[in-house]
Amino acid sequence: MISLDDINKYRFRYVIQVRYSDMDMLGHANNAVYLTYLELARIAYFREVNQSDSEDIALVLAHAEMNFKIPLTPGIQPVVRMRTTRLGKSSVTIENMITDEADERLFFSASTVMVAVNPETGRPVPIPDKEKQKTIAYEPALD
């Protein structure tokens, strides 16, 4: 279970700008935009971890399990934290959380699985060893 107790395992953080168009009629971020927040953070995460924009493989979202804890409302500066928890042959499991800027409240958590695919064929491919090594070096708390 993802909780604030493990915040020190999350090296990566990404500040999200909540837009007016993200809000629903109840005045909080619509549940559909949370995956967009994770996508924005994930792009920045892989750029920081792998330090490249490789076009040999593409990572596609294969699975997402989400838990909505507290609604995001105007005036909150949300921060996405993420970490890789598992490296498979062609998949990567990532834990995600959205907190406030002080990391005192957990608004949202998710576990996502990304699969490496060949952009031309759309078929799964192994994650290159050099990319795996970069992730292992970046993630000291990798399970």
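Quick note: the coordinates plus some simple rules give every number you see, no bench work behind them. This one's a predicted model, so the numbers in the text were calculated from it and none came from an experiment. FYI the Cβ positions are ideal-geometry reconstructions off the backbone, even for glycines, and counts take in every protein chain you see.
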Legend entry - Sites matching GluC sites (Glu not before Pro) across the stretch 1-58 that sit in DSSP coil, with at most 15 neighbouring C-beta atoms within 10 Å: Glu55
Legend entry - Exposure proxy order (Cβ contacts within 10 Å, fewest to most) of Ser111, Ser3, Ser21: Ser21, Ser3, Ser111
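As an exercise, use a Förster radius of 35 Å and the Cβ-Cβ distance of Gln51 and Asp6 to find the FRET efficiency, rounded to the nearest 0.05.
E between Gln51 and Asp6, to the nearest 0.05, is 0.90.
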Legend entry - Where Cα atoms sit under 27 Å apart: lysine pairs in the chain separated by 8 or more or lying on different chains: 8
Inset, instruction - Identify which of the listed values of percent of Cα pairs over 23 Å apart was calculated from the structure shown: (i) 35; (ii) 28; (iii) 40. - result: (i)
Legend entry - Ranking of Met114, Met66 by count of other Cβ atoms within 10 Å, fewest first: Met66, Met114
Legend entry - Long-range amide H partners of Met23 with built H, under 5 Å: Asn30
Inset, instruction - Kindly write out, for the stretch 20-35 in residue order, the coupling ³J(HN,Hα) from the Karplus curve 6.51 cos²θ - 1.76 cosθ + 1.60 (θ = phi - 60°), rounded to whole Hz, with x marking Gly and Pro. - result: 4, 5, 6, 7, 9, 5, 8, x, 10, 4, 5, 4, 5, 7, 4, 5
Legend entry - For the chain: relative contact order, % (alpha-carbon pairs under 8 angstrom, 6 or more apart): 28 percent
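How big is the charge dipole of the chain about its Cα centre, in debye rounded to the nearest 20, if each Lys and Arg gets +1 on its Cβ and each Asp and Glu gets -1 on its Cβ?
Numbers: 16 positive and 20 negative charges, 42 e Å.
Its charge dipole is roughly 200 debye.
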Legend entry - Estimated distance in nm for a label pair at Ala137 and Asp100, the labels positioned 7 Å out from Cα along Cα-to-Cβ: 3.8 nm
Inset, instruction - Rank-order 119-125, 96-102 by packing density, defined as the average count of other C-beta atoms within 10 Å over each peptide's residues, highest first. - result: 96-102, 119-125
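Which order do the peptides 30-36, 80-86 come out in when sorted by mean C-beta neighbours inside 10 angstrom, highest first?
Per-residue Cβ counts within 10 Å, averaged per peptide and sorted highest first, yield 80-86, 30-36.
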